[in-house]
1. For the condition under 24 Å from residue A:35 (Cα atoms), at the interface with another protein chain (Cβ under 10 Å from one of its Cβ atoms) and charged (D, E, K, R), what is the one hit in B:35, B:12?
2. Condition test on residue A:92, is it among the hydroxyl-bearing types (Ser, Thr, Tyr), free of Cβ contacts under 8 Å to residues at least 40 places away in the same chain and within 14 Å of another protein chain (Cβ to nearest Cβ)?
3. Kindly state which helices (runs of 4 or more DSSP H) lie completely within the range B:16-119 and contain at least 3 residues that are within 16 Å of DNA strand D (Cβ to nearest atom) and open to solvent by less than 20 Å² (accessible area, probe 1.4 Å).
4. Suppose the filter is in contact with a Ser or Thr (Cβ under 8 Å, 6 or more places away or on another chain) and without any contact (Cβ under 8 Å) to a residue 24 or more places away in the chain; does residue A:110 pass it?
5. Check residue A:46 against each of (1) within 14 Å of DNA strand C (Cβ to nearest atom); (2) touching a residue at least 12 places away in the same chain (Cβ under 8 Å); (3) facing another protein chain (nearest Cβ under 9 Å) and name the one condition it does not meet.
6. Take the conditions at pLDDT 95 or above, more than 10 Å from DNA strand C (Cβ to nearest atom) and of a type in the set (Gly, Ala, Ser) and apply them to residue A:63. Does it pass?
2 protein chains.
Amino acid sequence: MEQTRLLNDIEKDCSKILFAIQDALDLISGKWKIKVISVLLYGKKNFTDLQRQIDGLGSKMLSKDLQELEINGLITRTVNATKPITVTYELTEYGYTMEPIIQVLADWGTEHRHKITGR
Amino acid sequence: MEQTRLLNDIEKDCSKILFAIQDALDLISGKWKIKVISVLLYGKKNFTDLQRQIDGLGSKMLSKDLQELEINGLITRTVNATKPITVTYELTEYGYTMEPIIQVLADWGTEHRHKITGR
DNA sequence: GATATGGGTTTCCCTTAGTATAGTGGGTTC
DNA sequence: GAACCCACTATACTAAGGGAAACCCATATC
């Protein structure tokens, strides 16, 4: 009885983190969004520079993902009145709160590569 | 010149974390793998319990993802000689190294939900 | 001997995420 | 005035990921 109750509590905990994870993934799912955010952690970038930095990313996907990231408040889009008009994308303060996610993923990936390629 | 050199260095850094992130995502991409790992953080589970705990997950996907997670050394599969035969899935030591990823995602997701639903 | 449970596999289907390619519109440079 | 850069948008296609349902095998319970 006591045991059962504890198990139920654990399952509730577990369900909660499952929902939380889904909430996070909803914003960054897809092949490119995390990478866009990662690049923007290094500073503001314009459209073409973003595309150049992320290998394989086409303009249609970049355009779509930037729109979605903006809608979700993670980045801002600024049109600059420069000679040829340029557009700058930049992480919002909220966007920067994703840094730990990027960091921990990158750390794990680095360790994993060491493990695979025989440290 | 100095400035340019620094920029190049930054771009190399950036490329590195992009590759690292890709390495990590290769193992946990898809709709269900992170959730399977998350549930297993709470302890070993059998097939049916995993399926019950993760809403919407069908047996085909679960079966496929478990195989892939095992191949990548994140979980172990143990057949138990019980009355009706049961199979137990459990995180390996390596699998547990994913905990920080799950944790940081869950934390962010929780905060995000607070923000969206008007703290 | 019918039904249930655990642990899957197989087949078929379908949507959607993503790719490739081309084009637009404004401005600048050669 | 040709060609090139930036920032996209449009169109068209495709492949892979995933869902639903049926089926399989063993045990064992009614």
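1. On the way: B:12 fails: at the interface with another protein chain (Cβ under 10 Å from one of its Cβ atoms).
Just a single option satisfies the conditions, and that option is B:35.
2. On the way: among the hydroxyl-bearing types (Ser, Thr, Tyr): yes; free of Cβ contacts under 8 Å to residues at least 40 places away in the same chain: yes; within 14 Å of another protein chain (Cβ to nearest Cβ): yes.
For residue A:92, the condition - among the hydroxyl-bearing types (Ser, Thr, Tyr), free of Cβ contacts under 8 Å to residues at least 40 places away in the same chain and within 14 Å of another protein chain (Cβ to nearest Cβ) - is met.
3. In the range B:16-119, the matching helices (runs of 4 or more DSSP H) lie at B:33-40, B:59-71.
4. On the way: in contact with a Ser or Thr (Cβ under 8 Å, 6 or more places away or on another chain): no; without any contact (Cβ under 8 Å) to a residue 24 or more places away in the chain: yes.
Answer is no for this residue.
5. Going through (1) within 14 Å of DNA strand C (Cβ to nearest atom); (2) touching a residue at least 12 places away in the same chain (Cβ under 8 Å); (3) facing another protein chain (nearest Cβ under 9 Å) one by one, residue A:46 breaks only (3).
6. no
The values are calculated or read from the model by the stated rules, or taken from the named source; none is laboratory data. If you're wondering where the values come from, they're calculated on a predicted model, not measured in any experiment. Reconstructed Cβ throughout: ideal geometry from the backbone, glycine too, with neighbour counts over all protein chains shown. Heavy atoms of the whole protein, side chains included, go into the accessibility calculation; ligands, DNA and RNA do not. Shrake-Rupley method; radii C 1.70, N 1.55, O 1.52, S 1.80 Å.
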